[in-house]
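Encoded as structure tokens, the structure appears first; notes follow it.
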Amino acid sequence: MCHNWHYLQFDNDKALMPIQNQVKPDNDNVAFKLELAPKQEEVVRMCSETGRGAKIIFVNGPKWTGKTIAALHAVVNHAWNTKGARICVIVPSITTGDDSGVWTVLTEQIIPEWIAGNFGFDWWTPKTGRKFLGPRQKGTSKKIYCEVTNKFGGKSHIEMDSLKDERDVETEFFNRYFTMIYWGELQNFRERHTFDTLSQSLRKKGHAEDDFLMLCDGNPSDQGTDSWQYRLFYDFRTATDITPDELPLQKKLQVIELYLDDNPFLDDSKKAEIKASYIHDPDLYARYIMGRWVKAASNALFASGFKPSVHIVGDLAEADPDMLLPDEHCSELFTGWDPGGANPAMVIAEKMFRRVAATPEIPNPKEVSVFKFLSELVFLHENFSI
């Protein structure tokens, strides 16, 4: 397996600039080396380019391509090269972000790699002299954050924010301000309004437009080309018939695509294993392996919410379920709904009439009502409205 070793060196302004060498150059100014694939370096470089105004970059592709690692290096690069940077790392929930998620990788792997360069980047030390070696938690809001030094001799702030319910986006972010937003797992967010609100948080007094950056990464959505992500970053970004009022946003949008072959740190056997894990499902294989924007098939309408390990009891391959279906002449079903908040539920029942066998207590039984409860209502070979 051949790795591409890339080094970072200082220019006259103490900005970190990538140079490509196969052997360590004889230069005392070389700070440290990062093991970055060419595509990963492209992500960091594009996030650092100037002269394009506020940038909104979508790093898209299937799993195992190194997207997230590249994005986190771009986060640290922004923190070092931006005076008074204020960075927001958005995760679907605090648990997914901090429990071996992106925040853990950022604070326990990526930032220590940069600190090891010994060029001035470090955890921020307040005037009290107390050095905080890692992330902290605010006393009132319990928000997790960390502070690091930047090349201007000051500090940059990085915090983690969750957005579990997109309906809360205005409440949580409408009056916030950041120089950078890193927004991972973009495919899990369904509302374009979320993007609109977050992008307006790229503002901070005393900063030029080149200082602002929204960096997103994700896989193709299960809504395919109907998703807002595709419509914005592919249809709208490449459209030639937009109005003058739309042009400023279009100019800010950029896309970088990564695929399995762009990750030189995966050997052929690992790539084969990853592909085999999705080969049973054409939709998942197309999105997670090929990086295609395909919509979930009609017979998999709720595929994103179905987890075999949770919703299947026993071995599916050997299962022989007793299908509970309405009677042949059933013409009416009863249903009840409990929308709820956290645990919505519904029930479907068929009312039948059965004659109970005679007993000493009931010598002359009459026909009684019996209800058969169905687990789901299935439509075959036709679409239907949720």
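The values are calculated or read from the model by the stated rules, or taken from the named source; none is laboratory data. Please read all numbers here as calculations on a predicted model, not as lab measurements. Ideal geometry is used to build each Cβ from the backbone, glycine not excepted, and the neighbour counts take in all protein chains shown. Note: accessible area is taken over every heavy atom of the protein model, side chains too, but ligands, DNA and RNA are not part of it. Shrake-Rupley method; radii C 1.70, N 1.55, O 1.52, S 1.80 Å.
Got a number for the accessible area of LYS275? Probe 1.4 Å, square angstrom, nearest 10.
Accessible area of LYS275: about 80 Å².
What is the spin-label model distance, in nm, from ASP210 to ASP267 if the labels are put 7 Å beyond Cα along the C-beta direction?
Between ASP210 and ASP267, the simple spin-label model gives 4.4 nm.
Quantify, in whole percent, the carbon and sulfur part of the accessible surface of the stretch 114-198 (1.4 Å probe; protein heavy atoms only). Let's see the in-between values first.
Numbers: 2080 of 4510 Å².
Carbon and sulfur atoms account for 46 percent of the accessible area of the stretch 114-198.
In square angstrom, rounded to the nearest 10, how much accessible surface does MET160 have for a 1.4 Å probe?
Counting only protein heavy atoms, the figure is 0 Å².
Using a 1.4 angstrom probe and counting only protein chains, how large is the accessible area of ASP226 in Å², to 10?
Estimated to the nearest 10 Å², ASP226 gives 70 Å².
When only the heavy atoms of the protein chains count and the probe is 1.4 Å, how do LEU247, LEU284 rank by accessible area, highest first?
On the way: LEU247 65, LEU284 45 Å².
Sorted by accessible area, descending: LEU247, LEU284.
Treat each spin label as a single point 7 Å out from the Cα along the C-beta direction, and report the LYS351 to THR225 distance in nm.
Result for the modelled spin labels: 4.9 nm.
Under a crude label model (7 Å from the Cα following the beta-carbon direction), how far is ILE279 from LEU133 in nanometres?
About 4.7 nm separates the two model spin labels.
For the stretch 237-279, give the magnitude of the charge dipole about the Cα centre (Cβ charges: +1 Lys/Arg, -1 Asp/Glu; no others), in debye to the nearest 20.
Numbers: 6 positive and 9 negative charges, 18 e Å.
My answer is approximately 80 debye.
Using θ = phi - 60° and the Karplus curve 6.51 cos²θ - 1.76 cosθ + 1.60, what whole-Hz ³J(HN,Hα) does each residue of the stretch 196-207 get, with Gly and Pro shown as x?
Those phi angles translate into 4, 5, 5, 5, 6, 7, 7, 7, 6, 4, x, 10 Hz.
Please name whichever of ILE144, GLN200, MET180 sits farthest to the positive end of the charge dipole of the stretch 118-267, dipole taken about the Cα centre and charges placed at Cβ: Lys and Arg +1, Asp and Glu -1.
Among ILE144, GLN200, MET180, the one farthest towards the positive end of the dipole of the stretch 118-267 is ILE144.
Mind running the shape call on the stretch 164-250? Use the C-alpha gyration tensor, a ≥ b ≥ c as the square roots of the eigenvalues: rounded below 1.5 for a/c, prolate if a/b tops b/c, oblate otherwise. Please list the in-between numbers first.
Details: a/c = 1.85, a/b = 1.17, b/c = 1.59.
Oblate.
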